[in-house]
Structures are given as C-alpha cells and as structure tokens.
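A quick write-up on the structure given underneath.
The values are calculated or read from the model by the stated rules, or taken from the named source; none is laboratory data. Treat the numbers as computed from the prediction; the structure is a model and nothing was measured. Neighbour counts run over all protein chains shown; Cβ positions are idealised from the backbone, glycine included.
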Amino acid sequence: MTTMNMIEAINSGLDNMMARDDDVVIMGEDVGYFGGVFRATAGLQEKHGKTRCFDTPISECGIIGVAVGMAAYGMRPVPEIQFADYIYPGLDQLVSEAARLRYRSAAEFTSAITVRSPFGGGIFGGQTHSQSPESMFTHVCGLKTVIPSTPYDAKGLLISAIEDNDPVMFFEPKRIYNGPFTGYYDKPVEPWSKFEASEVPEDYYKIPLGKANIVRAGEAVTILAYGTMVHVARAVVEEQGVDAEVIDLRTLVPLDIETIEASVKKTGRCLIIHEATRTSGFGAELSALVQERCFYHLEAPIERVTGFDTPYPHSLEWAYFPGPVRIGEALDKIVGELTA
Amino acid sequence: MADDKPKTNLPPLSLHVPEPKYRPGDTVDYSDVVIPKAGDQPRPDLASDPATMREMVYDMVRVLDDDYKAVGPWDPKLSDETLLQMLKTMAQVRAFDDRLHRMQRQGKTSFYMKSTGEEATSVAAAMALHSDDMCFPSYRQQGILFVRGYPMVDMINQIFSNREDKLKGRQLPIMYCSRELGFFSISGNLATQYPQAVGWAMASAAKGDTRIAATWCGEGSTAEGDFHSAMTFAAVYNAPIVMNIVNNQWAISSFSGFAGAERTTFAARAAGYGIAGLRVDGNDPLAVYAATQWAAERARTNNGPTLIEHFTYRAEAHSTSDDPSAYRSAQEREEWPLGDPITRLKRHLIHRGVWSKEQHEALDKECIDAVKVATKEAEKNGILGHGLHQPFETMFQDVFEEMPWHLKEQSDQANREREIKWPDAEASK
C-alpha cells in the first residue's frame, strides 16, 4: 500500500495496465512528454515509450476517431480529453461510432476504448472548465459511464474500464483530485493522505463496473450520489445528524439497481444529488427508476439536489454549486418530521 | 471609433451561394472542363517530398488515351489476365447494382445505392492494394467486396435483412461489414471512417505490421470536420494510408461547389497538410490502379500518406430515395467528358486483341445470370417486411458484450409484445 491522491492512483492504474498489456496506448493533448495538464500521465511516455503514450493534435474528433480505428485494429486505447467541456467535437465519433460499432458489425468489430476526462466544477474554471456532461453519455446506448470518488476506487474502476471490451466514459471529478471536498468552500481542504481511501496498492486490482458502494449505512433516507457529491453529502449528513444511507453509484451505466432498490425499500425515502444541471440530468433517470420500483415503499416525495440550469458561472461559482445549504434544505423536506 | 468612419460610399456586401451550371432541361457543355492529355503526367519517385509534387493536385493522372491505348509513365503495365479480371469484376458490380436496384423497386427491401460509373474507383483501387490491407469504405465501394471475393448471396442477405444476414438485420441495406476481408463496417454518418482509418494505420505502424489502411469518402464529405482531423493526424504521424476522395460531382442534390469545388480541386486539400496528393481520371481504371499502387507502395515504405482525388461522375441517383431529374440535367451523364470506366477498359482490351464485342456481350449475360442465381438463393432466406427474420433477443445483443439488467428487462418486454402483436409468427421465431 502507498498513499496516493486521485491523480497518482489514476497514473498508477494506467502504468499497471501499460505494463500488463502492450495494446494499451494513451493519447491526448499534452499527455506525452509533459504528462498531462493534471499530471495524470506523468512519466508514462518515458517509461513505456513514445508510441504507447503520445501527444495529439488539438482535435477531439480526431482523438476519438483515431481511437476507434486503433481499437478496430485490436488495440486498447485510453484517450484523454483534457476537460470534459472539450468533448463535444468528438461526440459523433463516440455516439455514432464507438458506441454502435459492436452492434452494427454484429460484434465483428468492437471499441475497447476508455475515454478519461476530468469533469465538474469548484475550481474556478468558468463555464468551459467546469461542466458535468455525464447524462449526455448515459443517454447513449452502447456507452458505459463510470465516475470514481476516491483514489482507491479511481484506480480499481479505471483498470476495469480499460479491460472492458466496450467503450467506457471515465469522468474524473477534478475538484477531488487532491482531497475530498466537503462543499464548504471557505474551509481548508484536507489532502487525501488523511483519509483511508488514499491507501492504494501499487499493484493491479479491480473494482467491478456496475457495482455501487454503500459509503455510509443508515435507516432514515437513501442518498444517491457520485463523484465529488458523495463527500459533500456525507459531510452534510454528519453535520445535520441524519441517519442517512449514502450510496456512491460509481457506475451510472450499467447501474447497480439492486443496491438502490434494496436501500430505498429499507429507508422509504430518497434524495438524489448531482452537480450537473437539473433538467434531463441523470437524477431524473434515478428518480424515475426509484419511483417505478419502490413507489409503495416511499414515505416522502423523491428530492433532487443539482446544479442550476445555467452555464457554470465563474464569480458566482459557490452560489451555483449544490452545496450544504441546498442539500440541507432537501434533507429537511424529506426527513424533517423525523428529526424535528 | 470604428463607427465614425463614413460608410455611405461603400458598395454593399453580397453573399455568394454556389449554383451548378446545369439544371433539368439545360443543354450541357463540358468544353470548359480541363482534361489533360493522357500520358503527359510525370510519375514522381515514391519517396518524393510532397512539396515537390504540388502541381499534381491540379493535373490529372491519365493512362488510357483517346484511342484506348495505355500510354505514359503511369501505365501500370498489367497483364491481360489482370485487366480481364478487372473488367469482369466491374461488369459484375454493375449487373449487381442494376438487379438489386430493381429489387428495391419491387419492394423487396427498403433502400439501395448504385455505384454506376464509379466502379473503377473501388474495383481498380482494391486490386492495387494487398488483399490484407484494411479498407474503410464509404457507402459506394461495393466493388471492394467483389474484388475480395465476398459472396453475392451474403451481400443480398444483408440487403434483404433476412435471417441469414450476417449483420442480423440491424443495418440499412448496403452498409456491409467483413472483418475477414478487411472491410470495415460502413457508417451512415459521413467521413467518420476517415480518422478511424488513420487510427488503424497508426496502430499498424506502431505495431511494426506491414499492412496499410485505405479509406474512401465522397467530395461532399470532405467538408466534414472528420476529414480534416484525419488529414491532420495522417500528416502528423506520417500514417501509412491511402485516402481516396471519390469526386462524383454530386452529393445527393448538392453539386461539388458546396464542398468548395468552385475554388480549387479536392486533391489540393493535400498540399495544405503537406501530404502527397494526386488527382486522377476516376473513369480510367488503369490510372486509378496506378495511382493507388503508387500511394500504397509509398505508405508501405514509410513514406507517408497520400490523398487521391478520383475525378468521376455519379451516373445515377444518389440512392433509391432521390430522383436526379429533379435537380440536374439528364444530359450530364451523356456528355461526361471522361466516358464510362467499363466501356473504356473494354475498348482497351479489344484494342490489345484479347477481348471482343461478342465476348463482352457474353460476359454481361453471365454477370446478370450470376446475380439472378444469388438473388434467388438469398430470397429463400426471406425479404424485408415479410416475416420476422431475427429472434427479438438479437435486437438487444451486441449493445454491450454482456447484456445489462435494463436490456434484459426490455428484451423480455419485446418478447411479451411479440406474442400479442404476432401471435401466429411462431414459425419464424
């Protein structure tokens, strides 16, 4: 075991996979010699060579399109899209090509591609470095969508994603690259090294896709969250003294519906939290699923706490962020009479 | 301040919206289309710096002259046997297109696309590649499959989306795929195959393989971002690839001017990227062969990518869904200054003394008969819209390698609906 922050854990997972499998190649803007703007690929080119980890032109369409062709050859590309906000020029290659290739070729060609991309706000990145576009991808049949919330999970999930024979969107919550963020922007951030989830094996290990993690067991309400919001939810729950069951979804597609269903049937209440904008966000899908499957167990309306339906603002970032106040208010609505 | 400048005397700006020269009913006169003399074009060394061969993107590689003789440095000097094979393959493609087009008109399938007049751009090109080079075609390169020996009956099964369709009835007719024959799955989204082909070529190079990639798109699709991404990546990584633009003048009803043809040639795109570019008489099968061979050997010897513009003409509709008489002059096909690729090769072979008019008539009949036999065979496996040819589970398979719970639920739903909607359809289950 070594203490790693999320960037180091991702780097370690990439390094393990490149050593295990010659077909794993990394490409993206600034990922080669420089090692990535967030340092996720630091040292990999030097260690594994220039044809295994290399810089690309600034062309997301080209990066994804080329990855599809490499995967068709038999490689296992792990392209990096420098910010999730930049992914849109590559959408056609993801949606119409990578996601559909297995289906349209009756499995003659597949797209074993893992697209890594930092996402989410809280870093004063403004509207082009803060977006959470995950629901665009969960809507696409043929894509898997994975979002880790700790260094340990990030490495284990990333290795599973790379070994998966289908295309995986691997969104990394960049706000928590260095430490778990609780939503209190005015408090100092504690580094990952102070938390158990930073204990990461240097060797290969996997966390299966499609399995959620109950990060806090409880009876009063089920909270569904992923990425940064898992930590914000936990902090608010502790502060308000609510006996919530906090579920870190880890994978949005395929979703661990069993864990969700069992929890909501137990608690009878459900709060869904994501940083992404509200309308047609993944929370809408979760809310519909919980309603369809747990309606007769529900004792309160399902609540959603999300980002606002606006572009991510720069100066008003903390007014936008779905932090403790918005979550606390929703919790009051759902379990207010229990704690009153 | 900018606003202080007087503007009243400036001429008003005007927007140029391209318009083709000829619309329905117009008399066509192609005398302004510059057709260089066959045999006049230099054949650069395989390792030539693209900067030294820039004039070639405005010229036109031509081998067959007006007397159907093969002339000049680009003559690939093919054997009679190879040329006869080329002729027979193109004739078979044309007969196949005619018959399957008619099948669509008879209601046996939903859609078809002919390659009439453009057969050389896929048949001669594929013949110049190695059989294991990887092809990333667009939707009008059925000729590649004929060159590589894909059975016609399998093509027709796909066109009919029947129970023997290897693609399980999932794809629009003619969107073939054959991993075994190095024929990538065809996409309906245009030019997406271009960066994919470059990626495949990059992988082949990274692995120290000897196979190269080849890709095709229409002149209209060169406007897509994918085309330009592919050119950038191909140039940056010196990818071993042959990139073909089939300039057949029309993208459905939009003439090539909407892709920039009023300003320059499509081959000229290569110059800006520092890629070798060739402009070829696309209706001259020998020129297509020679240019492809040159580009393929260039790629195979680590001398980098080549962009080839095949100057040709789409003799028929874009697909079964449009009527060209509604947007272009019917005379265009008759007046096309580069003739027809099959006719030109036929006359060349007659000129060589190895072929005759009678033999060609017999060949045409043979080709028609072969398609008829294949069609009958395929019809036994069903036609589109008559019967449920695939088990409903197949709709949910191959979305992912393993079927997740939500697709299993939806698959069960589809099968429940089946019992209500088609209670008597057990036989075709």
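Of all residues in the stretch B:216-227, those satisfying the criterion of being of a type outside the set (F, W, Y) and more than 8 Å from chain A (Cβ to nearest Cβ) are B:C217, B:G218, B:E219, B:G220, B:S221, B:T222, B:A223, B:E224.
One line per residue, one yes/no per condition, for (1) in contact with a Pro (Cβ under 9 Å, 6 or more places away or on another chain); (2) farther than 30 Å from B:L388 by Cβ:
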{"position": "B:S122", "(1), (2)": "yes, yes"}
{"position": "B:Q142", "(1), (2)": "no, no"}
{"position": "B:F146", "(1), (2)": "no, yes"}
{"position": "B:I159", "(1), (2)": "yes, no"}
{"position": "B:E164", "(1), (2)": "no, no"}
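The condition (being under 30 Å from B:D226 (Cβ atoms), in the same structural domain as B:H228 (by TED's automatic domain parsing) and without any contact (Cβ under 8 Å) to a residue 40 or more places away in the chain) is satisfied by just one residue among B:R300, B:R263: B:R263. Strands (runs of 3 or more DSSP E) fully within the stretch A:52-138 that include at least 1 residues being within 10 Å of another protein chain (Cβ to nearest Cβ) and within 23 Å of B:E402 (Cβ to Cβ): A:76-80.
Filtering the stretch B:191-215 to residues that are assigned to a loop (DSSP other than H, G, I, E, B) and more than 8 Å from chain A (Cβ to nearest Cβ) leaves B:A191, B:G208, B:D209, B:T210, B:R211, B:I212.
Of the residues making up the stretch A:10-33, none is in a loop (DSSP other than H, G, I, E, B), among the hydroxyl-bearing types (S, T, Y) and under 23 Å from the mean Cα position of the chain (by Cα).
When each of B:L129, B:L145 is tested for being without any contact (Cβ under 8 Å) to a residue 40 or more places away in the chain, away from every other protein chain (no Cβ under 13 Å) and touching a helix residue (DSSP H, G or I) at 6+ places or on another chain (Cβ under 7 Å), the lone residue that passes is B:L145.
Can you name the residue in the stretch A:253-297 that is of a type in the set (D, E) and in contact with a Leu (Cβ under 9 Å, 6 or more places away or on another chain) and is also nearest to A:V242 (Cα to Cα) among such residues? Give the derivation first.
Of all residues in the stretch A:253-297, those of a type in the set (D, E) come to A:256, A:258, A:261, A:275, A:285, A:292.
Applying the additional criterion that residues be in contact with a Leu (Cβ under 9 Å, 6 or more places away or on another chain) yields A:256, A:261, A:285.
Details: A:D256: 24, A:E261: 20, A:E285: 25 Å.
This residue is A:E261.
Residue count for the stretch A:206-257 satisfying the condition of being assigned to a strand (DSSP E or B) and among the charged types (D, E, K, R): 3.
Considering the stretch B:13-59, the residues that are under 25 Å from the mean Cα position of the chain (by Cα), among the hydrophobic types (A, V, I, L, M, F, W, C) and under 15 Å from B:G339 (Cα atoms) include one that is surrounded by the most Cβ atoms within 10 Å (Cβ to Cβ), namely B:A38. The one condition from (1) surrounded by fewer than 16 Cβ atoms within 10 Å (Cβ to Cβ); (2) part of a helix (DSSP H, G or I) that B:T375 does not meet is (1).
Answer with yes or no whether A:V189 is surrounded by 14 or more Cβ atoms within 10 Å (Cβ to Cβ) and over 18 Å from the mean Cα position of the chain (by Cα).
The answer is yes for A:V189.
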